[in-house]
1. Which of the chymotrypsin sites (Phe, Trp or Tyr not before Pro) found in the stretch 99-177 are loop residues per DSSP with 15 or fewer other Cβ atoms within 10 Å of their Cβ?
2. Relative to the Cα centre, what is the charge dipole magnitude of the stretch 21-200, using +1 at the beta carbon of each Lys and Arg, -1 at the beta carbon of each Asp and Glu, and rounding to the nearest 20 debye?
3. Rounded if a/c is under 1.5, else prolate if a/b beats b/c, else oblate: with a ≥ b ≥ c from the C-alpha gyration tensor eigenvalues square-rooted, which is the stretch 21-200?
4. By the gyration tensor of its Cα atoms, with a ≥ b ≥ c the square roots of the eigenvalues, what is the shape of the stretch 14-53: rounded for a/c under 1.5, prolate for a/b over b/c, or oblate?
5. Considering only Ala120, Pro91, Pro158, whose Cα is most displaced toward the positive end of the charge dipole of the stretch 21-200, charges sitting on Cβ of Lys, Arg (+1) and Asp, Glu (-1)?
6. Which residue, Thr194, Trp106, Val70, has the largest displacement toward the positive end of the dipole of the stretch 21-200 when charges sit on each Cβ (Lys, Arg +1; Asp, Glu -1)?
7. How many nm separate the modelled label positions at Val293 and Tyr235, each set 7 Å beyond the Cα in the direction of the Cβ?
Amino acid sequence: MAKRRSSYDGYWWSYESTRPLDVEDGIKAKSVRGKFVKNWWADRWIKALKRLMDSPRLSRGRSYARRGQVMEIEITPGHVASRVQGSRHTPYRVSIRLKPLSDRQWDKVLDALSDQAIFAAQLLNGEMPPDIEEVFNAVQVPLFPVSRGDLQTDCSCPDWANPCKHIAAVYYLLGERLDEDPFLLFELRGRSKTEIAAALRERRAQEVETADELSDMPDVEEVEAPTLGECLDHYWMIGADADEMTFNITHPQVPLALLKRLGVPDFEGMNPRNFQRQMERAYDAVMLSAMQVAFADSED
């Protein structure tokens, strides 16, 4: 129950700590203690909330999620509706809206994703690329909530703060659902997994048609060449024609492309983050050495 004190005496509104009513069939979080989610995209979702609310309410919301106080969650594109049981007999109504991306923003994102064959392949295979947020940032389109304008929340409880602990409880459970299905984040931004896949397939098909048109070139005239037996003594020697060859040596378009495509190996007792950091250093060292050799040769 709220206790009011006069603001003229230097006091403000305060609320007595109350125990929520138990829920028999509530949605209880899988996380019992410690870190709430496992994957990076769900972790980014939780961190976005931490920037928008104070620690005490955040902690109580996490406890509500683990106690099973959330009674139901209904997810539609751009909107989450829920009911959370608090200390009163009537559950509180919670609404969370994530600002949907416009069609123009989605076109920019999908064009950028289609340009990266690895990202497109992973998404079409139902995988979430580790660096997909970089693609969104590159085209200046937010993937996760970055400001209060991106996330609109409302709760029927008497708490003046927004977000309150009831909103936080629902938000944490959404984090667990994102852990299992990262494409839910796209749905909250206005596009379903099916729509994303269809748009990427359409763009990739157009690229293949364009490539086929460009490849429709006249036949190249055959050139006579000696047989292997005739040139064994100088087979591994570079001929004079090699002087006319040119190369465009650049940094790779997608860093760690092979590791991102295959994923971190599941070795027993291995820390995936440590492995990736070690591989990043190894890839950078090899690439730097290769670039130095390449440019040194080109200078000669």
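1. Working: sites: Trp106, Phe119, Phe136, Trp160, Tyr171, Tyr172; in loops: Trp160.
Sites meeting the loop and neighbour criteria: Trp160.
2. Values: 27 positive and 24 negative charges, 193 e Å.
So the magnitude is around 920 debye.
3. Values: a/c = 2.17, a/b = 1.93, b/c = 1.12.
Prolate shape, in that a/c is at least 1.5 and a/b is the bigger ratio.
4. Details: a/c = 2.85, a/b = 1.38, b/c = 2.07.
Since a/c reaches 1.5 but b/c is at least a/b, the shape of the stretch 14-53 is classed as oblate.
5. Positive-end residue among those listed: Pro158.
6. Val70
7. In this crude label model, Val293 to Tyr235 measures out at 2.3 nm.
A short reminder: the numbers here are calculations on the coordinates, not readings from a lab. Given the structure is predicted, the values throughout are model-derived calculations rather than measurements. All Cβ positions, even for glycine, are placed from backbone atoms using ideal geometry, and neighbour counts span all protein chains on display.
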